[in-house]
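Trainee: Could you have a look at this structure, given as structure tokens, before my questions?
The values are calculated or read from the model by the stated rules, or taken from the named source; none is laboratory data. Note that the structure is a prediction, hence the values are computed from the model and not measured. Note that each Cβ is placed from the backbone with ideal geometry, even for glycine, and that neighbours are counted across all protein chains shown. Note: areas computed on protein heavy atoms with side chains; ligands, DNA, RNA excluded. Shrake-Rupley method; radii C 1.70, N 1.55, O 1.52, S 1.80 Å.
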Amino acid sequence: MLPVNQVCTLNCPTDGDQLSEQQLEQYAADGVLLVKQLFDPDEFLPLRNDLAGRLSLLEQHFGLEVEENANQISQISDRLRQIEQRCPGTQSILYDAMNAAPSLHATGTHPKLMGILKQLLSPEISIHDRYIILMSMPDAEWHLASWHQDWYYNEGPYSTITLYAPLQKTDHRNGSLTFALGEHQKPPVPHDEHDHGIRTKWHSLPPDVVQGFERVVPTALDVGDVLLFHSLTPHTPSKNQSEHVRFVLNLRYRDLRDPQFLQDGWRIKDITHARKAMQRTAS
């Protein structure tokens with residue numbers, strides 16, 4: 001396994017800065033770019049406030065003690081775990097409600113972020129309509145996506161970029177991502193139900209394909225760091241073995257100049273195989 005610094009790393013640029021040719025070439029070769037401190041950690045306060053405010057409404061709705069202004073990530077984690085234990089399914093309600101949170105939409109169009117994306121894609125970009133805050137519970141597996149390519153679940157242009165921005169320090173202990181660098185240059189790989197050591201609803205890459213990856217790289221991110229990666233770059237999270245829920249901002253960006261995407265009228269057909277997989281429940 002290669003060291004973490006093998007991921008193409010960019011120190012946070014200032015407004016108007018351009019990626020160098022070397023950085024663009026390395027992203028093209030690796031399929032992953034780590035941007036250090038793109039966001040000031042304080043810029044995540046609106047996200048935390050939206051999470052905390054929705055939790056307050058749910059606590060009130062279910063007749064639980066309402067914890068006003070408890071908006072630190074550790075507090076949000078404790079509140080979510082408590083309400084999920086008392087009222088199973090609340091995490092799913094919060095997950096869906098955050099899709100329309102103004103803070104997610106504002107963060108997803110941050111000028112510095114858009115400046116980088118326009119260099120990696122084109123000046124004409126669309127954002128996938130799912131604005132996601134991933135919430136990985138401690139020791140949970142069913143919702144944990146083992147080795148996969150995002151394209152299988154979203155389709156659209158191969159060049160589509162996923163943003164992964166954790167709201168707390170994230171490493172192997174609480175579920176950080178591991179990538180197979182350079183594999184995005186190959187065609188999409190069929191996914192199906194495979195055993196990667198966890199019991200999950202997600203379809204994944206065949207184990208023999210994963211064993212053939214030559215450049216497997218773990219990552220560790222601080223609050224404010226951002227991973228940007230190609231939709232065909234294979235990756236997997238590790239299980240969250242900490243005591244807290246792992247929260248990650250997760251968005252996708254598509255290039256409207258992509259010839260096939262334009263030919264399709266910027267529309268994506270119903271992805272039935274992925275939907276059926278994701279609708280399964282643990283038994």
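Trainee: Counting only residues that are over 18 Å from the mean Cα position of the chain (by Cα) and of a type in the set (Val, Ile, Thr), how many does region 87-120 have?
Mentor: So the count comes out to 2.
Trainee: Go through (1) modelled with pLDDT under 95; (2) more than 18 Å from the chain's Cα centre (by Cα); (3) farther than 18 Å from Pro188 by Cβ and name the single condition Lys239 misses.
Mentor: Only one criterion in (1) modelled with pLDDT under 95; (2) more than 18 Å from the chain's Cα centre (by Cα); (3) farther than 18 Å from Pro188 by Cβ is unmet by Lys239, namely (2).
Trainee: Something else now. Residues that are touching a Leu at 6+ places or on another chain (Cβ under 8 Å), among the polar types (S, T, N, Q), in contact (Cβ under 8 Å) with a residue 24 or more places away in the chain and on the phi < 0 side of the Ramachandran plot: does region 71-84 have at least one?
Mentor: yes
Trainee: What are the residues in region 39-57 that are touching a helix residue (DSSP H, G or I) at 6+ places or on another chain (Cβ under 6 Å), touching a residue at least 40 places away in the same chain (Cβ under 8 Å) and either closer than 21 Å to His230 by Cα or open to solvent by less than 10 Å² (accessible area, probe 1.4 Å) (or both), if any?
Mentor: Answer for region 39-57, where residues must be touching a helix residue (DSSP H, G or I) at 6+ places or on another chain (Cβ under 6 Å), touching a residue at least 40 places away in the same chain (Cβ under 8 Å) and either closer than 21 Å to His230 by Cα or open to solvent by less than 10 Å² (accessible area, probe 1.4 Å) (or both): Leu47, Leu51.
Trainee: Turning to a different aspect of this structure: Of the conditions (1) within 27 Å of Gly53 (Cα to Cα); (2) open to solvent by less than 30 Å² (accessible area, probe 1.4 Å); (3) not in a helix (DSSP H, G or I), Asp129 clears all except one; give me its number.
Mentor: Every condition holds for Asp129 apart from (2).
Trainee: Looking for whichever is touching a Ser or Thr at 6+ places or on another chain (Cβ under 6 Å) and outside any helix (DSSP H, G or I) here; the options are Arg199, Arg252, Arg267. Which one fits?
Mentor: Arg252
Trainee: Say we look at region 148-187 and pick out the residues that are open to solvent by 40 Å² or more (accessible area, probe 1.4 Å) and of a type outside the set (A, V, I, L, M, F, W, C); which of these is nearest to Pro123 (Cα to Cα)?
Mentor: Per the criteria, the residue is Tyr158.
Trainee: What is the one condition in (1) outside any loop (DSSP other than H, G, I, E, B); (2) surrounded by 15 or more Cβ atoms within 10 Å (Cβ to Cβ) that His194 does not satisfy?
Mentor: In the conditions (1) outside any loop (DSSP other than H, G, I, E, B); (2) surrounded by 15 or more Cβ atoms within 10 Å (Cβ to Cβ), His194 misses (1) alone.
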